[in-house]
Amino acid sequence: MQIRLLIGIFSIFTCILLFILIRNYIGAMNIYELPEIGPYELAKPTDLQHSPSPDWLNRLSGQNEREFIYPASELQVKLLYANSVKKSTKEVFRVSVGVINDYQFFCINQVFGAHNIEYSYYKIGENIWLVVATEDENYLRSVLDKLKHYAINYTLSKT
């Protein structure tokens, strides 16, 4: 009998509490109003012509030479053609550098460009292979050793 009485009191207390919570929630929702937002209007071409351009845009458009600011997406591709390679005394080497990021590829481009080494590259899966034409294998190895400074590991093979 006492357990039934406790369960009844607990049930009545729970119903009263839920009624109060729901009533307060509904009252709070009636107070809240959605802000009124006007429709989005596209700019008209006449508005774009009269707007002053930012200072950085004027500085950038007034430059004659291009400055490199890292990170930038810049890609240069040089192709070595079979006819030009056969006419010269250069040997062709394949260099596997594995999976590299954009910064490491930029470093390869800069190191090879600084040492006047022509190369082309291709990608198999995520691995990048360089095709390098040079007359001196030892010189190529010394240049490739400089890539270790940029955490670029390589394997060299002669084709």
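Just so you know, all these numbers are worked out from the coordinates, no wet-lab data involved. Note that this is a predicted model, so its numbers are computed, not measured. A quick note on method: Cβ atoms are made from the backbone with ideal geometry, for glycine too, and the neighbour counts reach across all protein chains shown.
Values computed for the structure shown
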| quantity | calculated |
| --- | --- |
| Ile100 being in contact with a strand residue (DSSP E or B) (Cβ under 8 Å, 6 or more places away or on another chain), among the β-branched types (Val, Ile, Thr) and without any contact (Cβ under 8 Å) to a residue 40 or more places away in the chain | no |
| Condition check for Ile128: aliphatic (A, V, I, L, M), part of a strand (DSSP E or B) and farther than 17 Å from Lys90 by Cα | yes |
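One line per residue, one yes/no per condition, for (1) under 29 Å from the mean Cα position of the chain (by Cα); (2) loosely packed, with under 12 Cβ neighbours inside 10 Å; (3) over 16 Å from Gly98 (Cβ atoms):
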position: Gln110; (1), (2), (3): yes, no, yes
position: Ala114; (1), (2), (3): yes, yes, yes
position: Tyr122; (1), (2), (3): yes, yes, no
position: Asn127; (1), (2), (3): yes, no, no
position: Ala133; (1), (2), (3): no, no, yes
position: Leu140; (1), (2), (3): no, no, yes
position: Leu144; (1), (2), (3): yes, no, no
position: Tyr150; (1), (2), (3): yes, no, no
position: Tyr154; (1), (2), (3): yes, no, no
